[in-house]
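What follows draws every value from the coordinates through simple rules; no lab data is involved. Note that the structure is a prediction, hence the values are computed from the model and not measured. As a convention, Cβ positions derive from the backbone with ideal geometry for all residues, glycine included, and neighbour counts pool all protein chains shown.
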Amino acid sequence: MNAQEIIALEQRYVVQTYKRAPFVIERGEGCTLYDSDGRAYIDLVAGIAVNALGYGDREVLGAIMAQAPKLIHISNLYHSEPHARLAARLCQLSFADRVFFCNSGAEATEGAFKFARAWAKAKGEPDRIEIVAFTNSFHGRTFAALAATDREKYQAPFRPLLPGVRFARFNDLESAAATITDKTCAVIVEPVQGEGGIHVAENEFLVGLRRLCDERGALLIFDEVQCGLGRTGTLWAHQPAGVTPDMMTLAKPLGGGLPIGAILVTQRVADALHPGDHGSTFAGNALICAVASVVVDRISRPEFLASVREKGAYLAERLRGMNLPHVKEVRGRGLMLGLELDVEANKVVQAGYARGLILVNAGDMVLRLVPPLVISRQEMDTAVERLAGILAEM
């Protein structure tokens, strides 16, 4: 089938909830994607911050080929070594005592909210059911996750949503203090907001949220689905603040492109959960966990994280130093950068295709740069030059 036939087939049979690019991607290598006509594109999206190790990584492929012939899926009724090993490694590398595996970031949010309510009831406070989230947040598209996502166009078609979610202003401790009450079971925040426009939480803000949660008897949840696992140059995006949460949600890069999510929890949260309280048929299967272990081991190496910090600083410096037209601000951390524009970001995304760039927006006026963490300086230089050409023509 040629590209137009494939696109026509998709448009005939797939529910049209996505506006896809006008070409068919056939393969990837490193940080480059190739379409079915042989055109090459530098990828600054990485499957929306998923493909941290790029395309065709030998260790990832090796893990797939080694595990797939032995065992792919058995459900959570049985033990498997990859599942146990991955859980242990995530706990060793974080604040957590326990892990619950799921299949996506939205599922991780849903599970974290359920765990928070179960925890409140277990300690004798059944009326403590509210969730506090923040402006410009994004926590997923399922019902509870969507209720905590501050995006009108995402919420409007599906109301009424889960009740009991309240919003405070991001990076505003006074607003948080006024919103967190004795009815709050959990506060959820992204240490670096992704979909909402690449806004970095101030260290003082995260420290203050930890204090407020402790004072008022609520749990603190860090959503690191997009910003976690090395994306910002530290293994966890919250580390520079020097605070730890009670729960942390992970997903996007964890499976190296395969679907997996995780909820990392402290023992006091885990103690509120019992067999049958939550579950997932596909979660944490042997194949995905074997691959995820490779991803976690690679990204957690100090030299790998140092390279992300160096690349992120270099890319941000290049973008700021070129005084690009239409760019009002460059912000972010590591290889999670946002360009605030005075033109619609989607117009830049569309123009990028003709210049061999894969780009994505974060809201209407922000261009989001989340390339594979293995991107080279030469690829970044070429991408910046192409982006400069696009903006100069607008």
Point to revise | Charge tally in the Cβ shell below 13 Å around residue 41, where Lys, Arg are +1 and Asp, Glu are -1, residue 41 excluded | key: -2
Review point. Once you put a point 7 Å from the Cα of residue 204 and another 7 Å from the Cα of residue 1, both along the Cβ direction, what distance in nm separates them?
Key: 5.6 nm
Check your understanding: Of 315, 273, 305, which is the most mobile in a GNM of the chain whose springs link Cα atoms less than 10 angstrom apart?
Key -> 273
**Study point:** Candidates 328, 183, 70, ranked by Gaussian network fluctuation over the chain, Cα under 10 Å, top entry
**Key:** 70
Practice item. Treating each Cα of the chain as an identical point scatterer and ignoring solvent, apply the Debye formula and state log10 I(q)/I(0) at q = 0.07, 0.11 Å⁻¹. Key: -0.32, -0.81
Practice item. For region 71-299, just list the percent of Cα-Cα distances falling in each 10 Å bin from zero outward, please. Key: 8, 35, 38, 17, 2, 0
**Study point:** Residue (of 17, 74, 219) at the positive-pole extreme of the chain, dipole from beta-carbon charges
**Key:** 74
Check your understanding: In a GNM of the chain with a 10 Å cut-off on Cα contacts, which of 309, 89, 12 has the highest mean-square fluctuation?
Key -> 12
Check your understanding: Could you give the length gained on full extension between residue 378 and residue 215, defined as 0.36 nm per residue of separation minus the Cα-Cα distance, in nm?
Key -> 53.7 nm
Exercise for review: Would you please give the FRET efficiency between residue 151 and residue 282, computed as 1/(1 + (r/R0)^6) with r the Cβ-Cβ distance and R0 = 25 Å, to the nearest 0.05?
Suggested key: 0.35
Point to revise | Burial order of peptide ranges 215-228, 44-57 (average beta-carbon count within 10 Å, highest first) | key: 215-228, 44-57
Review point. For region 91-144 and region 223-244, what is the separation of their C-alpha centers, rounded to whole Å?
Key: 17 Å
Practice item. Using per-residue counts of other Cβ atoms within 10 Å, averaged over each peptide, order 60-68, 112-120, 2-10 from highest down. Key: 112-120, 60-68, 2-10
Point to revise | Semi-axes of the equivalent ellipsoid for region 204-321, Cα gyration tensor, largest first, Å | key: 28, 23, 10
Study note, to complete from the structure: Site residue 36, offset 7 angstrom along Cα→Cβ, radius 16 Å on amide nitrogen, limited to region 1-18, gives 1-14
**Study point:** Stretchable slack from residue 10 to residue 166, in nm (0.36 nm times residue separation minus alpha-carbon distance)
**Key:** 52.3 nm
